[in-house]
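The values are calculated or read from the model by the stated rules, or taken from the named source; none is laboratory data. It should be emphasised that the depicted structure is a prediction, and the values quoted were computed from it without experimental measurement. Note: ideal-geometry Cβ built from the backbone for every residue, glycine included; neighbour counts use all protein chains shown. Heads up: the accessible areas ignore ligands, DNA and RNA and are worked out on the full protein's heavy atoms, side chains in. Shrake-Rupley method; radii C 1.70, N 1.55, O 1.52, S 1.80 Å.
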Amino acid sequence: MFNRLLGKPKQEPNALTSLDKLHETLEMLEKKEKVLLKKAAAEVEKVKEFTKAKNKRAAIQCLKRKRLYEQQIEQLGNFELRIHDQMIMLEGAKATTETVDALRTGAAAMKAMQKATNIDDVDKTMDEINEQTENMKQIQEALSTPIGAAADFDEDELEAELEELEGAELEEQLLQPATTAPAATVQAPAGRQPARNVPQKRTSEEDELAALQSEMAL
C-alpha cells in the first residue's frame, strides 16, 4: 500500500545496466550522425545544381540547411565524446568495485580461518602432540626393558665374563706351536763331514711356554 502511495523505491543503477544504456545511446547517436551527414551531403549536391541553374537564392538556402546539419553533427560528436568518457569511467569503477569485493571476500575468508584456528587452539594442539610423543617414548622404553629371567642378569658380570673369554681365546692363540718350514739339506763338500746339529739352550720364556702347554694338556 505504501509502495502505491509513495511509488516504487528507487533502485540504484547497476554498473552493467548503466554500461548497456550508454552503449544503446551511443549507437542511437551514431545513427543520427550518419543521417545528418547524408542530409548535409545532399544539400551540397543541391547547391551545385542551383549554382549551375544560376539560382543564387536557392543555393544560399541549401548552404544554410547544410550549416544547420553540420552544427547538429558537431553537437552529436560532443555527446558521443561525453558518453565515451562516461563509459571509460564506469568500466574503471566496475573494475575497482570488483577488486574491492574480491579483497573483501579474501579478508573475510582469512578472518574465518583465523577464527577457526586461533593461537590458543594451536598451542593446545602442540601440547597434546608433545604429550602423546612423550607417552609413546615411555611405552617404547617399557617394551624394550627385559622382563622375566633376562631381567635378573647382571650387566657387569656379563661384561666380565666376556672379557675373560676374550682373554682365554687370545692366550690359546699365543700357545699354538708355530709352523716352521723344513730346512733345506745342504750338501757338504767332499772330504768334509757335515756338522752335527748342536741343541741350543732353551730360554726361560720357552720353559714357561712349555709349562703352560703341559698344564693346558692336563
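The figures follow:
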| quantity | calculated |
| --- | --- |
| Set 37, 16: member being modelled with pLDDT under 90, of a type outside the set (Ser, Thr, Tyr), open to solvent by 80 Å² or more (accessible area, probe 1.4 Å) and touching a helix residue (DSSP H, G or I) at 6+ places or on another chain (Cβ under 8 Å) | 16 |
| Any hit, region 130-146, residues being farther than 30 Å from residue 36 by Cβ, modelled with pLDDT under 75 and assigned to a helix (DSSP H, G or I) | yes |
| Pairs where the first residue, in region 33-51, is without any contact (Cβ under 8 Å) to a residue 24 or more places away in the chain and the second is open to solvent by less than 80 Å² (accessible area, probe 1.4 Å) and among the acidic types (Asp, Glu), C-beta under 8 Å, 6+ apart | none |
| Residue in region 101-110 that is under 22 Å from residue 17 (Cβ atoms) and among the hydrophobic types (A, V, I, L, M, F, W, C) present | yes |
| Selection status of residue 43, in a helix (DSSP H, G or I) and open to solvent by 100 Å² or more (accessible area, probe 1.4 Å) | no |
| Within region 83-128, considering residues that are assigned to a helix (DSSP H, G or I) and of a type in the set (S, T, N, Q), the one modelled with the lowest pLDDT | 114 |
| Failed item, numbered, when residue 122 is tested on (1) farther than 30 Å from residue 48 by Cβ; (2) more than 53 Å from the chain's Cα centre (by Cα); (3) of a type in the set (Val, Ile, Thr) | (2) |
| Top-ranked residue of region 79-100 - restricted to ones that are among the charged types (D, E, K, R) and open to solvent by 70 Å² or more (accessible area, probe 1.4 Å), ranked as nearest to residue 32 (Cα to Cα) | 82 |
| Inter-residue pairs, beta-carbon under 8 Å, first free of Cβ contacts under 8 Å to residues at least 60 places away in the same chain and among the hydrophobic types (A, V, I, L, M, F, W, C) and in region 154-176, second surrounded by 10 or more Cβ atoms within 10 Å (Cβ to Cβ) and in a loop (DSSP other than H, G, I, E, B), 6+ apart | none |
